[in-house]
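Below: the structure, in structure tokens.
Read the figures in this text as sums done on the coordinates, not as results from a lab. All values reported here derive from a predicted model rather than from experimental measurement. Don't worry about glycine lacking a Cβ; one is built from the backbone with ideal geometry, like all the others, and counts go over all protein chains shown.
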Amino acid sequence: MKQGKSNLDEQQERKLLEIESRGCWLAFWGLVAAFLVQALIFRNALAIIGEGILAIGLSFYLGISSIHAGIWDRRMDMSRKSRLILCGIIAICTVVFMFGYSFLRSTKLIDALKTGAIFGTVSFLVVYLALALFARVTKKRQDKLNAEPDDELDDTDPH
């Protein structure tokens, strides 16, 4: 689709990009919240499949697009410490969610604690490995984008 000439100046373009960015993140976290609430309330997995597919699809798009652009995050660096902190936050959220999910289904405290602990540990490890891989790929992409382009034709080469 061909886009016409923009009627916005640079400041308006920047502001519109900020608005669209906030809207995208609001939609993403709204989907995640809807997914989690519906998972706790409904016993039928088909009731939440639409939100899950959309949230996962948006996650993949944002992640792949960011890596392709060589961007990790606006505020966070790629250090091991920041990845560990992020994994800890995700693991705690997973523990809380799975504890609540399991406790509402079985009403056995010990079983709910075990479920939360297992899922929290697994999510910590999986997310840490994924972030380590993504950090490595992003760093390689940044290096490639920042590298000086090789001259295709050397002036001294007669060919």
Ranked on Cβ counts within 10 Å of their own Cβ, fewest leading, 87, 93 go 93, 87
Cβ-Cβ cut-off under 13 Å around residue 68, Lys and Arg +1, Asp and Glu -1: the net charge is +3
Percent of all alpha-carbon pairs of the stretch 13-69 at distances over 18 Å, whole number, is 45 percent
Among trypsin sites (Lys or Arg not before Pro) in the stretch 21-84, those in a DSSP loop whose Cβ has at most 11 other Cβ atoms within 10 Å are 43, 74, 75
In nm, the gap between the two label points placed 7 Å beyond Cα toward Cβ at residue 89 and residue 28 is 1.2 nm
So, with points 7 Å from each Cα along the Cβ direction, the residue 121-residue 59 label distance in nm works out to 2.2 nm
Scoring the chain by relative contact order with C-alpha pairs under 8 Å, at least six apart, yields a percentage of 21 percent
The summed charge of the residue 115 Cβ neighbourhood (under 11 Å; Lys/Arg +1, Asp/Glu -1) stands at +2
Of the convex hull enclosing the alpha-carbon atoms of the chain, the direction-averaged projected area in nm² is 15.9 nm²
